[in-house]
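The values are calculated or read from the model by the stated rules, or taken from the named source; none is laboratory data. Keep in mind that what you see is a predicted model, and the values were worked out from it rather than measured. Here the Cβ is made from the backbone with ideal geometry for all residues, glycine too, and neighbour counts use every protein chain on show. SASA here: full protein model, heavy atoms, side chains in, ligands and nucleic acids out. Shrake-Rupley method; radii C 1.70, N 1.55, O 1.52, S 1.80 Å.
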Amino acid sequence: MIISTIIGMMSATVVSLITGIVALALGAFVSYLLWDKTLKNKSQTIVKEAESEAEVIKKEKILQAKEKFLQLKSDHEKEINERSHKLVVAENKFKQKEISLSQKFEENQRRKKEVDAIRDNLQVQIDLVEKRNEELDKMHKQQVEQLEAISGLSAEEAKEQLIESLRAEAKTAAMSDINEIMEEARMTANKEAKKIVVQTVQRVATEAAIENSVTVFNIDNDEIKGRIIGREGRNIRALEAATGVEIIVDDTPEAIILSAFDPVRREIARLALHQLVTDGRIHPARIEEVVQKTQKQIEEEIIEVGKRTAIDLGIHGLHPEIIRLIGKMKYRSSYGQNLLQHSREVANLSAIMASELGLNPKLAKRAGLLHDIGKVPDDEPELPHAILGMKIAEKYKEKPDVCNAIGAHHDEVEMTSLISPIIQVCDAISGARPGARREVVESYIKRLKDLEELALAHPGVMKTYAIQAGRELRVIVGSDKVTDTDAEKISFEISQKIQNEMTYPGQIKITVIRETRAINYAK
């Protein structure tokens with residue numbers, strides 16, 4: 001009974017366990033089915049959303065691609081239109097040039113035909129003229145033979161007699177004609193001279209500055225003079241030793257005089273003194289330092305002036321050493337005339353004259369600027385400045401025409417180029433202007449003596465006097481040796497001789513004085 005009960009309980013338990021397992025398996029299967037269905041629904045939803053988003057992105061990309069394509073198409077069409085327009089414009093230009101060239105060709109052909117016709121006509125006329133000249137020569141020979149037969153004289157004998165008989169009359173008539181021509185020339189010369197001067201001033205206007213051998217340094221008060229002199233004169237001695245300039249400190253109020261023949265030294269001394277006075281520290285060590293800095297500054301300024309001058313005149317390709325020499329011209333003078341201003345003026349005048357003559361103005365301007373470069377070097381060898389300048393130009397590979405123009409502008413070498421006489425003439429024009437130069441006393445006196453001796457060598461002249469600084473020459477002749485007609489002739493011949501043999505600024509008036517004196521003594 002107990003065993004059956006236990007077996008019955010175990011059977012019930014097994015059944016319950018089996019029923020639970022089956023129920024659990026059935027629940028798991030149902031749950032799996034439900035979960036699978038849910039996952040499938042979610043995945044389908046996600047796929048649909050992704051497909052819809054992809055479709056939207058695809059449409060956007062297609063639209064962007066279409067817009068980009070349209071933009072590129074528009075740009076391409078625009079570029080094609082521009083190129084087509086340019087091609088059309090170029091084609092029109094070529095057509096116009098072709099039409100113009102064809103018209104010019106037709107015009108040249110027509111002119112050629114006209115020239116050929118004129119040439120043929122001229123040839124015919126020349127032939128006629130030659131025939132007529134031959135006929136006239138024959139007629140002239142026949143008339144000469146008839147005249148020789150009638151007069152009993154040959155043509156040469158008759159000519160000599162006629163010349164001899166008319167010689168005195170011809171001289172008198174010639175002098176009369178010369179006087180009339182000279183009078184007429186005087187009437188028109190003033191007007192023409194003014195016209196030429198005005199045109200020259202308009203085209204070439206330069207300063208006529210006279211260089212001095214002293215520079216005045218202005219100061220605010222006289223107390224600075226003592227500081228410049230220094231204790232026992234040590235400052236002024238140091239400044240003079242460093243610059244090579246004589247510094248004159250006298251009773252002149254608010255001024256110190258710097259004296260030296262070299263303008264570069266004077267300028268260095270002036271700038272150094274200005275810097276020292278402005279700074280206030282004046283002692284020998286400071287003086288040497290400032291002078292050295294000023295020398296470097298002046299050297300840089302010299303190069304800058306040379307470059308600026310070449311640029312202003314439009315001259316290119318100059319050697320750096322030549323540019324430095326051009327800059328140094330600013331601090332050189334020739335008979336008181338600033339050398340750089342003189343060279344610039346000669347360059348401009350040479351370019352104008354070369355242009356008028358159909359020559360190369362740039363080459364003439366280059367030669368005009370460099371013509372006095374031989375005056376600049378510091379070593380100053382025993383050579384004329386024209387020869388030295390020519391050697392410098394040859395050293396730095398200047399053209400042969402330029403070198404010859406530099407060397408020949410004072411006739412030291414033979415002129416081999418057409419530019420050479422232009423440079424010589426323009427140099428004389430620039431230097432001969434009144435006020436442009438200041439001659440030294442010796443050359444001034446020598447010029448006056450040469451003027452008097454030139455007139456005194458003429459036959460019949462007793463005394464000569466150069467007056468008004470050489471602008472007038474008075475010639476006294478003997479009344480028993482010279483007639484009134486001869487006096488006019490002497491005045492003309494002396495003026496021509498002075499004009500051909502001497503160099504002078506302005507003009508010289510020649511006055512011939514012939515007087516008759518009757519002298520008696522009462523006893």
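Add +1 for every Lys or Arg and -1 for every Asp or Glu among the other residues with Cβ under 11 Å from the Cβ of LEU456, and state the total. Display every interim value, and only then the final one.
Numbers: positive: LYS449, LYS463; negative: ASP450, GLU452, GLU453.
Within the 11 Å Cβ shell, the charges total -1.
Accessible surface of VAL425, taken over heavy atoms with a 1.4 Å probe and every protein chain present, rounds to 70 Å².
For the listed residue pairs LYS225/LYS330; LYS375/LYS397; LYS296/LYS395; LYS328/LYS391; LYS296/LYS362; LYS225/LYS328, the alpha carbons are over 22 angstrom apart in LYS225/LYS330; LYS296/LYS395; LYS296/LYS362; LYS225/LYS328.
Volume of the convex hull of the range 232-288 (Cα atoms only), normalised per residue: 84 Å³.
Sorting MET353, MET139 by solvent-accessible area of protein heavy atoms yields MET139, MET353, largest first, with a 1.4 Å probe.
Please say if the range 334-418 is rounded, prolate or oblate, where rounded means a/c under 1.5 for a ≥ b ≥ c the square roots of the C-alpha gyration tensor eigenvalues, and otherwise the choice is prolate for a/b larger than b/c and oblate otherwise? Since a/c reaches 1.5 but b/c is at least a/b, the shape of the range 334-418 is classed as oblate. Near MET462, the amide H atoms lying under 5 Å from its own belong to ILE476, VAL477, GLY478; only residues 5 or more places off or on other chains count, and H is placed 1.01 Å from N. Over all other residues within a Cβ to Cβ distance under 13 Å of LYS112, the charged ones net out to 0, with Lys and Arg as +1 and Asp and Glu as -1.
Charge tally around GLN71: other residues with Cβ under 14 Å, Lys/Arg +1 each, Asp/Glu -1 each, net 0.
Protein chains only, probe 1.4 Å: how do GLU49, GLU345 rank by accessible area, largest first?
Largest to smallest exposure gives the sequence GLU49, GLU345.
Database remark: amide H of ASN338 closer than 5 angstrom to the amide H of ALA209, GLU211 (H placed geometrically; neighbours at sequence offset of 5 or more, or on other chains; Pro and chain starts carry no H). Distance between the 7 Å Cα→Cβ label points at LYS481 and THR45: 14.9 nm. For a straight C-alpha distance cut-off of 17 angstrom, the lysines reachable from LYS78 (same-chain residues fewer than eight places away being disregarded) are LYS68, LYS86.
Protein-only accessible surface at a 1.4 angstrom probe places the residues THR516, THR243, THR485 in the order THR516, THR485, THR243, largest first.
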